[in-house]
Amino acid sequence: MKTYFKNSNFGLDILISSLLFGLAHSHNNFIEVIPYIAFGIGLSLTFRITKKLQYPLIIHIINNVISSRELLSLYFF
C-alpha cells in the first residue's frame, strides 16, 4: 500500500490490497473469497490508521493461531 499507492485516494489502495489478500487466501470459489476480502479491509484500515505494518501482522497472526487451534481441536479432542 505504501509503495504502489502513495498518491491514490483513500479507497483505492484499501480495495485493491483487500482484493489481492482475498484472492491469495481463497480456495475454490468466489463465495469463499468474501470473508477474506472483509478481513483484508480490516487489516488495510489498521495499516492506514497506524502507518505501521506490525499491527496488521499481529492481528493476522492472532487470527491464524485461533483458527489453527479450532482446527486442531476438531481432529484431536
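Counting neighbouring Cβ atoms within 10 Å and putting the fewest first, the residues E70, E32 line up as E70, E32.
Computed from point charges on the beta carbon alone (+1 for Lys and Arg, -1 for Asp and Glu), the dipole magnitude for the chain about its Cα centre is near 400 Debye. With neighbours defined as other Cβ atoms within 10 Å of a residue's Cβ, the residues F76, F39 order from fewest to most as F76, F39. For the chain, the relative contact order works out to 21 percent when only alpha carbon pairs closer than 8 Å and six or more residues apart are counted. In this simple spin-label approximation, I31 and L74 carry label points 7 Å from Cα along the Cα→Cβ vector, and these lie 1.6 nm apart. Over all distinct Cα-Cα pairs of the chain, the Kirkwood formula returns a hydrodynamic radius of 13.6 Å.
Exposure proxy ranking for F47, F30, based on other Cβ atoms within 10 angstrom of each Cβ and starting from the fewest, stands as F30, F47. Highest mobility in the GNM of the chain, judged by mean-square fluctuation with C-alpha springs under 10 Å and restricted to S44, S67, S17, is found for S67.
Throughout, read-outs are computed from the coordinates displayed, never taken from laboratory work. Since the structure is predicted, the reported quantities are computational estimates derived from the model, not experimental observations. As a convention, Cβ positions derive from the backbone with ideal geometry for all residues, glycine included, and neighbour counts pool all protein chains shown.
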